[in-house]
Structures are given as C-alpha cells and as structure tokens.
Amino acid sequence: MQSNVLPIQGNVEKKLAAMGITLPQSVMPAANYVPYTISGNLVFVSGQLPMKDGKPQDIGKVGKEFTVEQAQQTARQCGVNILSHLKAACGGNLDRVRRCVRLGVFVNSTESFTDQPKVANGVSDMIVEIFGEAGKHSRFAVGVSQLPFGVAVEVDATFEIE
C-alpha cells in the first residue's frame, strides 16, 4: 500500500544537500502575478531574479560589471530561486519532477556582449547536475538592455511533474 505522505527528504533534496544548496522559502511576489502556475502536469515558474534575503543581487551589466563566470553564478542563483518555487508547486516534494522542459535566460548585457549562452550554462549545468537526464532541457538565452532592479540575469522555467 502506497502512503499519501510526502517524504521530508527525497533523492533530489539529498542531491541539493550534497551540492551545498539550501533553498530559500518560496515568497509571493509584490506585484500582480504568482510565482508559478500549474497546468495539467506542467509547472511554469515566473522569471526569477538573483534574490538573497529578499534583496536583489548582482546589479549591473554582463560584459561591463560582470564577467561570464560571475554571471554564470548569478544565473545559478536564479535557478536556486526557481527550485524554491518548484518545490512549493510540488507540495514540498521535488522527487515529483519528471523533467525540466525549458529554461529562458535573460542577460542584462552590453551591446557588444555575445556570450549569453555561456551565461545560461550556469543554470543549465546546475539543473542537469541535480536532475540528471531528466534535467536536460530546451533553452533560450538572450541579451536585453535592462532587467528589473538592474540585475544581471533573470531566468524562467517550465517543468513536468507527476
């Protein structure tokens, strides 16, 4: 007989702990939207900024104030915030994730900067490391002239869950 009780720490949580990743609490946005929506078995996570303790981090342009490597870490922080909302969407059980379907990466970059895909690798590599084969996803990475609060990177995501 299968229990309806969700495990406190499943395989994904153990992987996060081994990677030294602590997920922040999922917080509702201050504007007129929700952090995620669920349609069927898809979870659409709204664009996430590199927020820590409720404050935007990494303000500036990639190619000016930030290197590719620094921006990859910023993208990774966006991914951590995505996982926080995904966990809430999954009722606290990230083992419900069947696959990452797509990531969208927006890079606040200078006009001459063309390595947006390299920046996106920061979050893409993390998702694949966490979910393995199920973490492989389609993706776009684009340069933009500005992002909310002037942050360097914003990432949105779509996941399939059971």
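Counting only Cβ charges, +1 for Lys and Arg and -1 for Asp and Glu, the dipole size of the chain around its Cα centre is about 160 debye.
Write down the percent of antiparallel bridges among all DSSP beta bridges whose residues are both part of the chain, to the nearest 5. Percent antiparallel among DSSP bridges in the chain is about 70.
Calculated mean residue ellipticity at 222 nm for the chain: -9500 deg cm²/dmol, from DSSP H runs with n ≥ 4 weighted as -39500 (n - 2.57), summed, divided by the residue count and rounded to 500.
What ranking do C78, C100 get, fewest neighbouring Cβ atoms within 10 angstrom at the top?
Working: C78 29, C100 25.
Fewest to most other Cβ atoms nearby, the residues stand as C100, C78.
Once the chain from T37 to E65 is taken as fully extended at 0.36 nm per residue, the excess over their C-alpha distance is 6.7 nm. Here the residues S138, S46, S109, ranked from fewest to most Cβ neighbours within 10 Å of their Cβ, fall in the order S138, S46, S109. Mean sequence separation of contacting Cα pairs (under 8 Å, at least six apart), scaled by the length of the range 5-162, corresponds to a relative contact order of 34 percent. Think of the range 15-106 as a dipole: +1 on every Lys or Arg Cβ, -1 on every Asp or Glu Cβ, centred on the Cα centre; then among M19, V62, N93, N93 lies furthest on the positive end. The fewest-to-most ranking of H85, H137 by surrounding Cβ atoms within 10 Å reads H137, H85.
When the P(r) is computed for the chain, the part past 22 Å accounts for 39% of the Cα-Cα pairs. As I understand it, the value is the acute angle between the Cα axis of helix 116-131 and the longest principal axis of the Cα atoms of the chain; what does it come to in degrees, rounded to 10? Here the helix axis deviates by roughly 20 degrees.
Charged side chains reduced to their Cβ positions (Lys and Arg at +1, Asp and Glu at -1) give the range 31-102 a dipole of some 200 debye around its Cα centre.
Any read-out appearing in this document is the output of simple, stated calculations on the displayed coordinates, not a laboratory observation. Worth saying up front: this structure is predicted, and the values here are computed from it rather than measured. Positions of Cβ are backbone-derived with ideal geometry, glycine not excepted, and every protein chain shown enters the neighbour counts.
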